Amino acid sequence: MDGLHLQTHFQAMNLPPDAMRFLLVVYEAWQVFDDFADGDAVKREDLHATLWNVFVGLPSNPFFQAHSAALVPAMGTGILKWIASDAVERAGEADEVSFVWRASFYDLVVLVAQLALGPAEAMRLAPSIMKLYGEKFADYRKEFP
């Protein structure tokens, strides 16, 4: 899923603009960092945007400022899950469990829905949010011998 498709889904969920911007900045930054870790080419403009967004955009985002006490630990957990999946993938031990770890961004989306829209609406939206993770396990397995 790319940022434009995510934005469309976030708008349909009626997330506030600052919450959407927060999620899109995190998503795009994680994509750039993942590309960098995989040795994929990262365009200079994507690097510049990521630097700005991580060091200026996120800290100045009103949604992040209001909810950082909940968001920072969730982002930390997402990073740790990505590190865990990366470690087992590089060790040749990728499996169904490590595949699930890679979807931690959508855990953050569920949290943002809860914070922005309340628990009842987050419960209603949770299944559709988790279905946004578009990678299929069969495709994941093809990445590893």
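Please treat every number below as a calculation from the coordinates, not as lab data. Because the structure is predicted, anything quoted here is derived from the model rather than measured. Cβ: placed from backbone, ideal geometry, glycine included. Neighbour counts: every protein chain shown.
Under 25 Å between alpha carbons, and skipping anything fewer than 8 positions from K81 in its own chain: which lysines qualify?
Partners within reach: K131, K136, K142.
If each of F144 and L51 carries a label point 7 Å out from its Cα toward its Cβ, how far apart are those two points in nm?
3.4 nm
Applying 1/(1 + (r/R0)^6) with R0 = 35 Å to the Cβ-Cβ distance of A87 and A120, what FRET efficiency is obtained, to the nearest 0.05?
0.40
Per 0.36 nm of contour for each residue apart, how much would the distance between D40 and V72 grow if the chain were fully extended, relative to their Cα-Cα spacing?
Result: 8.8 nm gained on full extension.
Which of rounded, prolate or oblate describes segment 65-127 when judged by the alpha-carbon gyration tensor and an a/c cut-off of 1.5?
It comes out oblate by the Cα gyration axes.
Go through F55, Y140, V32 and say which Cα lies farthest out towards the positive end of the charge dipole of the chain; charges sit on Cβ, +1 for Lys and Arg, -1 for Asp and Glu.
So the residue furthest toward the plus end is F55.
For segment 51-110 and segment 12-45, what is the separation of their Cα centres, given in Å?
Taking the Cα centre of segment 12-45 as reference, the centre of segment 51-110 is 11 Å away.
Show me the ranking of peptides 87-93, 17-23, 32-38 by mean Cβ neighbours inside 10 Å, starting with the highest.
Packing proxy ranking, top to bottom: 17-23, 32-38, 87-93.
Suppose only helical runs count, i.e. DSSP H with n ≥ 4. What mean residue ellipticity at 222 nm does that imply for the chain under -39500 (n - 2.57) per run, divided by all residues and rounded to the nearest 500 deg cm²/dmol?
Only helices count here, giving -24000 deg cm²/dmol.
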